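Participant: Structure provided below as structure tokens; questions to follow.
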Amino acid sequence: MQCDPCGGELIAIPNRESFQCSNCQRYAFATELDDPAAPIELTGDGVGVCCPKCQVGLQFAVLHDRWRVCFCTACRGYVIDSGCLGVIVHELRAHYRGPDADPVPLNQDELAEQRDCPACAQQMETHPYYGPGTAVINSCSDCKVTWMDHRELASIIRTPGFRHHPDSSLIPVKLNPNPKEIQDRSVETAGKIIVHAATGFIF
Ligand SMILES: [Zn+2]
Ligand SMILES: [Zn+2]
Ligand SMILES: [Zn+2]
């Protein structure tokens, strides 16, 4: 496969249904944004901060019809409230009826990747997701937000193992009592927004 704009070779990213151009580093995807595995709906509003991977402006979006995230249209990664992530995994794993995925080893290269928190600009912690699967995620314990790469959530949902009953009550989530302001370091406008305006539940 070739990269559309530059003709470079597209390299498959294992277990992520996506590709990266070996020449221009652009991402390409095997699915549409509204793919049922992880449907994303853009609200049309820019967040005013940049993607920690691509330096493209993040967009407000809704994940699985229900969860607010700050989404990057270039790499399809997103920032999500860390507490909400636990609830989403609980809920989606409980309701998932598709086939389990074959277990894949942890990608050691991903553990070495460093990213800055879009909310506070400090370096995030890179670590395996403390739950099912072998996804490597980035989180900021100060801001209580997590960066998820494209299809990381879907791979956690499809990982074999314990699933709660679909009627089980959700893990209670303690919403961040002291939300930090997201600072836009790249543009003069945008200014600041509150993380909770950007990520979390839609009631
Ligand atoms: Zn390219
Ligand atoms: Zn990105
Ligand atoms: Zn932070």
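The values are calculated or read from the model by the stated rules, or taken from the named source; none is laboratory data. In this text the structure is predicted, and so the values were computed from the model without any measurement. Please note: Cβ atoms are built from the backbone with ideal geometry, for glycine as well, and neighbour counts cover all protein chains shown.
Participant: Picking from 115, 66, which residue would you name as being basic (Lys, Arg) and surrounded by 16 or more Cβ atoms within 10 Å (Cβ to Cβ)? First the steps, then the outcome.
Facilitator: On the way: 66 fails: surrounded by 16 or more Cβ atoms within 10 Å (Cβ to Cβ).
Selected residue: 115, the only one of 115, 66 that is basic (Lys, Arg) and surrounded by 16 or more Cβ atoms within 10 Å (Cβ to Cβ).
Participant: Condition first: out of contact with any helix residue (DSSP H, G or I) (no Cβ under 9 Å at 6 or more places or on another chain), within 17 Å of residue 58 (Cα to Cα) and hydrophobic (A, V, I, L, M, F, W, C). Now tell me which residues in the stretch 110-119 satisfy that.
Facilitator: Selection gives 117 alone.
Participant: Which residue out of 72, 84, 54 is crowded, with 20+ Cβ neighbours inside 10 Å, free of Cβ contacts under 8 Å to residues at least 40 places away in the same chain and either more than 21 Å from residue 133 (Cα to Cα) or assigned by TED's automatic domain parsing to the domain that holds residue 139 (or both)?
Facilitator: Details: 84 fails: free of Cβ contacts under 8 Å to residues at least 40 places away in the same chain; 54 fails: crowded, with 20+ Cβ neighbours inside 10 Å.
Exactly one residue qualifies, and that residue is 72.
Participant: Being closer than 14 Å to residue 83 by Cβ, in a strand (DSSP E or B) and modelled with pLDDT of 85 or more: is that true of residue 146 here?
Facilitator: Numbers: closer than 14 Å to residue 83 by Cβ: yes; in a strand (DSSP E or B): yes; modelled with pLDDT of 85 or more: yes.
Spelling it out, residue 146 is indeed closer than 14 Å to residue 83 by Cβ, in a strand (DSSP E or B) and modelled with pLDDT of 85 or more.
Participant: If you don't mind, another one. Hey, does the stretch 93-113 have a residue that's of a type in the set (Ser, Thr, Tyr), within 16 Å of ligand 1 (Cβ to nearest atom) and modelled with pLDDT of 90 or more? Spell out the reasoning first.
Facilitator: Step one: list which residues in the stretch 93-113 are of a type in the set (Ser, Thr, Tyr), which gives 96.
After this cut, where a residue has to be within 16 Å of ligand 1 (Cβ to nearest atom) as well, the list is none.
Looking for residues that are of a type in the set (Ser, Thr, Tyr), within 16 Å of ligand 1 (Cβ to nearest atom) and modelled with pLDDT of 90 or more, one finds none in the stretch 93-113, hence no.
Participant: Search the stretch 130-158 for residues being among the hydroxyl-bearing types (Ser, Thr, Tyr) and surrounded by 21 or more Cβ atoms within 10 Å (Cβ to Cβ), and hand back the single one that is farthest from residue 71 (Cα to Cα). Write out each step before concluding.
Facilitator: Kept after step one, since they are among the hydroxyl-bearing types (Ser, Thr, Tyr), are these residues of the stretch 130-158: 130, 134, 139, 141, 146, 155.
Among the residues that remain, those that are also surrounded by 21 or more Cβ atoms within 10 Å (Cβ to Cβ) are: 139, 146, 155.
Details: 139: 15, 146: 12, 155: 18 Å.
This residue is 155.
Participant: Sort out which residues of the stretch 100-143 are in contact (Cβ under 8 Å) with a residue 40 or more places away in the chain, assigned to a loop (DSSP other than H, G, I, E, B), within 16 Å of ligand 3 (Cβ to nearest atom) and charged (D, E, K, R), and write them in order of number.
Facilitator: Correct list: 115 only.
Participant: Among the residues of the stretch 72-82 satisfying the criterion of being within 10 Å of ligand 2 (Cβ to nearest atom) and hydroxyl-bearing (Ser, Thr, Tyr), which is nearest to the chain's Cα centre (by Cα)? Before the answer, list the steps.
Facilitator: Pass one, the stretch 72-82, residues within 10 Å of ligand 2 (Cβ to nearest atom): 72-78.
Pick out the ones that are also hydroxyl-bearing (Ser, Thr, Tyr) and you get 73, 78.
Values: 73: 11, 78: 4 Å.
The selected residue is 78.
Participant: How many of the residues making up the stretch 23-32 are in contact (Cβ under 8 Å) with a residue 12 or more places away in the chain and under 26 Å from residue 102 (Cβ atoms)? Write out each step before concluding.
Facilitator: If we filter the stretch 23-32 for residues that are in contact (Cβ under 8 Å) with a residue 12 or more places away in the chain, which is where we start, we get 23-24, 26-31.
The next check asks that each one be under 26 Å from residue 102 (Cβ atoms); those that pass are 27-31.
Of the residues in that region, 5 qualify.
Participant: Shifting gears a bit: Return the residues of the stretch 18-70 that are within 24 Å of residue 114 (Cα to Cα), modelled with pLDDT under 90 and assigned to a loop (DSSP other than H, G, I, E, B); say none if nothing qualifies.
Facilitator: Answer for the stretch 18-70, where residues must be within 24 Å of residue 114 (Cα to Cα), modelled with pLDDT under 90 and assigned to a loop (DSSP other than H, G, I, E, B): just 55.
Participant: With respect to residue 69, is the statement that it is more than 14 Å from the chain's Cα centre (by Cα) and within 16 Å of ligand 2 (Cβ to nearest atom) true?
Facilitator: In short, no.
Participant: For the subset of the stretch 1-16 comprising residues that are part of a strand (DSSP E or B) and within 14 Å of ligand 1 (Cβ to nearest atom), which member is nearest to residue 105 (Cα to Cα)? I'd like the intermediate steps shown before the answer.
Facilitator: Here is the first cut: in the stretch 1-16, the ones part of a strand (DSSP E or B) are 2, 9-13.
Filter again for within 14 Å of ligand 1 (Cβ to nearest atom), leaving 2, 9-11.
Numbers: 2: 27, 9: 25, 10: 22, 11: 19 Å.
Step by step, filter the stretch 1-16, then rank; the result is 11.
Participant: Looking only at residues that are among the charged types (D, E, K, R) and either surrounded by 15 or more Cβ atoms within 10 Å (Cβ to Cβ) or in contact with a strand residue (DSSP E or B) (Cβ under 8 Å, 6 or more places away or on another chain) (or both) in the stretch 30-51, which one is nearest to residue 11 (Cα to Cα)? Full working, then the answer.
Facilitator: Here is the first cut: in the stretch 30-51, the residues among the charged types (D, E, K, R) are 32, 34-35, 41, 45.
Add one more test, that the residue is either surrounded by 15 or more Cβ atoms within 10 Å (Cβ to Cβ) or in contact with a strand residue (DSSP E or B) (Cβ under 8 Å, 6 or more places away or on another chain) (or both), and what stays is 34, 41, 45.
Working: 34: 23, 41: 27, 45: 31 Å.
Top of the filtered list is 34.
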